[in-house]
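Report on one structure; see the data block that follows.
The values are calculated or read from the model by the stated rules, or taken from the named source; none is laboratory data. Quick caveat: nothing in here was measured; it's all calculated off a predicted structure. Using ideal geometry, Cβ is built from the backbone for each residue, glycine included, and neighbour counts are taken over all protein chains shown. Accessible surface is based on the protein model in full, side chains and every heavy atom, while ligands, DNA and RNA are left aside. Shrake-Rupley method; radii C 1.70, N 1.55, O 1.52, S 1.80 Å.
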Amino acid sequence: QKPQPAVAAAEAAGKTQDQDEAEDDNDDDPGPSEHDLVIRDGFPALRIPGSKAYKPMLQGDEPLPRYPFWTSPNAIHFHPDHLETLRQDCETVFTARDKPDGAAYSAGQTFFLPCNRTPRCALEALAMMIFRKHTEHLEPGTFDPATSGANWWTLVMDENKNKPTNATAHGEDKPGDEEEDDEDEVGLHFDADYELEEQTTNILLHPRVGTVTYLSDYGAPTVVFNLKSPAMDDLERKALEKNIDKAWLSHPELGKHTAFDGRLLHGAPALYFPSRVGHNNKPKDTSGTEPDAKRQKLDQKRYTLLVNIWLNHWVMDAALLDDEVCSRLKTPWETESGNLKGDDSYVPPFSWNKDVDLTKPSLAGKTVKLAPSKINPAGEDEIALCNHNVTVKYNPLMEECHSASSLGPSVELELEEGAISLHVGEVLQADEDGE
């Protein structure tokens with residue numbers, strides 16, 4: 001049963017160790033209870049392991065997230081016999097759709113699987129495997145299993161059916177733009193509990209880690225910007241206008257896994273950072289695992305599984321995958337305890353690559369510098385972010401953005417001041433907020 005949402009929240013702010021100890025000695029101040037939502041730096045606070053009573057971790061280094069950005073190819077092996085059905089399952093549960101006119105956010109649905117519950121299907125099992133890989137180093141007692149788990153959903157982006165509609169490029173169209181304009185886009189956003197934000201107007205609560213797992217080689221890269229969401233007391237959202245000094249690009253590759261600090265701005269702005277296809281770079285060759293004809297058809301779609309790692313908070317507007325939908329999924333899945341007859345013919349549809357270690361930094365990819373252009377900046381987007389209208393300005397030359405995107409499967413962008421900037425506008429009105 002889904003826990004009731006917390007009705008009170010407290011930002012963990014700047015207490016000294018002496019203050020903490022003084023509060024511990026004060027019998028008149030029992031402190032927060034385990035039913036309170038205690039927030040530390042945009043996250044639900046972790047718990048201090050080994051404490052006799054509930055005590056949130058408000059000081060010292062935190063064990064998660066480890067890195068602002070991490071990525072590895074071949075992190076997950078997908079069995080070729082099950083890859084097609086796994087992609088079909090992604091399409092079955094895919095409910096994200098274009099943002100309705102006037103709405104602040106997309107109307108897509110996400111799902112939540114607490115880590116004390118047994119997965120019922122292959123996609124839930126994949127989401128839970130990712131959750132456990134990211135949390136297996138944490139001490140027992142750091143989080144409550146009943147309110148911690150995988151907030152997951154799928155995205156299937158098909159260039160033949162959808163086109164970006166919110167991006168505007170300066171200058172006239174040039175030959176070759178048509179193919180790039182056909183690519184699907186994922187608008188820039190923060191991963192957060194948006195139902196909580198709607199109810200409180202100023203609390204943007206984030207997962208510890210956001211992750212993207214790619215089930216095909218096609219599509220625009222995920223772009224993660226080194227920009228965290230504003231604090232609760234920043235009502236005008238001025239922190240969004242801070243200089244962005246770094247970003248990371250992660251191009252889709254079958255089996256690739258990308259993770260990042262759950263507070264960071266990200267998306268897939270394909271107009272400015274397109275797929276490597278079309279830039280004389282073919283996606284990696286996995287023809288040994290799939291027939292060529294089947295690959296040609298499926299690689300026109302960008303299949304991703306998104307899994308956010310939440311600790312000590314059940315996302316308010318996410319629920320268990322519906323039983324009826326679960327029953328329609330095609331990929332076979334058996335737990336070890338469920339395979340009582342020891343069926344040797346069963347082959348798991350996926351497995352984690354034992355050579356991939358999440359505790360070690362990513363292997364270095366290509367690095368490139370981008371500077372703003374005073375002559376012909378690439379363009380700008382109008383987006384809804386933190387309950388405000390926000391303009392995102394891509395100020396390098398368009399060809400420099402495209403060149404950076406084509407450098408390799410993973411690219412680090414060193415951004416000069418003003419290369420990519422956000423400009424906060426008016427607060428969203430009720431009709432713009434989809435209410």
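What to note about this one:
- Inter-label distance for V325 and S345, nm, one decimal - labels placed 7 Å from Cα along Cα-to-Cβ: 3.1
- Using a probe of 1.4 Å on the protein chains alone, the accessible area found for L240 is around 0 Å².
- For segment 299-404, taking Cα atoms only, Rg and Dmax work out to 22.7, 70 Å respectively.
- Rolled with a 1.4 Å probe across the full set of protein chains, the surface gives F111 an accessible area near 10 Å².
- Compared with the alpha-carbon gap, the fully stretched path from T118 to N376 is longer by 87.5 nm at 0.36 nm per residue.
- Pairs from K55/K228; K256/K354; K52/K133; K133/K242; K133/K360 whose Cα-Cα separation, in the structure shown, is over 23 Å: K55/K228; K52/K133; K133/K242
- Distance-filtered residues of segment 120-137 - backbone nitrogen under 16 Å, label point 7 angstrom along D357 Cα→Cβ: 134, 136-137
- Sequence-separation-based contact order of segment 312-393, relative, with Cα cut under 8 Å and 6+ spacing, percent: 14
- Span per principal axis, largest first, for the Cα atoms of segment 29-80 (Å): 57, 23, 19
- The residues of segment 346-435 expose, per residue, 52 Å² of accessible area to a 1.4 Å probe.
- In segment 198-281, the GluC sites (Glu not before Pro) that fall in loop regions by DSSP, at most 13 other Cβ within 10 Å: E236
- In Å², nearest 10: area of L155 left accessible to a 1.4 Å probe: 30
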